[in-house]
Amino acid sequence: MGKLRYFIALWAAKLGYRLLRIIGKNATMYPGYIALKICPDYLGRTRKSPHVICVTGTNGKTTTTNMVADILSSGGMNIVSNRYGSNINTGVATALTHSVNVFGKPKVDALVLEVDEKYSRLI
């Protein structure tokens, strides 16, 4: 049941993202919220890319994350990042959803994630 639940969560999150983008929303947290509601261990089940960089701290997380993501992108790496500061578990789940294809396989070279210090132990 766990694997089926994971894939339902993945597909629902991807569909939710598309629908929110159609109506003009950023969709930075809600797809992750959907995924975590359906599959509470979504973050653990999602396969990660070969390189994962997490930025945490009190101040400057968004700026640092965006700079690292820009540097890696300009170096030719395909990356996914939570650029808009969605740095709690739902925002990270949304970023992870973007980093895998519909079969749950990583499709990017690196993940660059801003992680709120309070949620770092959960993520």
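The values are calculated or read from the model by the stated rules, or taken from the named source; none is laboratory data. All values reported here derive from a predicted model rather than from experimental measurement. With ideal geometry, Cβ positions are generated from the backbone for all residues, glycine too; neighbour counts draw on all protein chains shown. Areas reflect the complete protein model, heavy atoms only, side chains present, ligands, DNA and RNA absent. Shrake-Rupley method; radii C 1.70, N 1.55, O 1.52, S 1.80 Å.
Scanning region 8-30 for residues that are surrounded by 13 or more Cβ atoms within 10 Å (Cβ to Cβ) and either of a type in the set (Val, Ile, Thr) or closer than 17 Å to ASN101 by Cα (or both) yields ILE8, ALA9, LEU10, TRP11, ALA12, ALA13, LYS14, GLY16, TYR17, THR28. Pull up region 40-63, narrow it to residues that are β-branched (Val, Ile, Thr) and touching a residue at least 12 places away in the same chain (Cβ under 8 Å), then point me to the one that is surrounded by the fewest Cβ atoms within 10 Å (Cβ to Cβ). Filtering first and then ranking leaves THR58. Scanning region 66-85 finds no residues that are open to solvent by less than 80 Å² (accessible area, probe 1.4 Å) and touching a residue at least 60 places away in the same chain (Cβ under 8 Å). In region 86-103, of all residues being among the β-branched types (Val, Ile, Thr) and part of a helix (DSSP H, G or I), the one that is surrounded by the fewest Cβ atoms within 10 Å (Cβ to Cβ) corresponds to THR90.
Can THR65 be described as within 22 Å of VAL112 (Cα to Cα) and either outside any helix (DSSP H, G or I) or among the aromatic types (Phe, Trp, Tyr) (or both)?
Considered against the rule, which asks whether it is within 22 Å of VAL112 (Cα to Cα) and either outside any helix (DSSP H, G or I) or among the aromatic types (Phe, Trp, Tyr) (or both), THR65 comes out as no.
In the set (1) in contact with a Lys or Arg (Cβ under 8 Å, 6 or more places away or on another chain); (2) open to solvent by less than 30 Å² (accessible area, probe 1.4 Å); (3) part of a loop (DSSP other than H, G, I, E, B), LEU111 fails one condition alone, (3).
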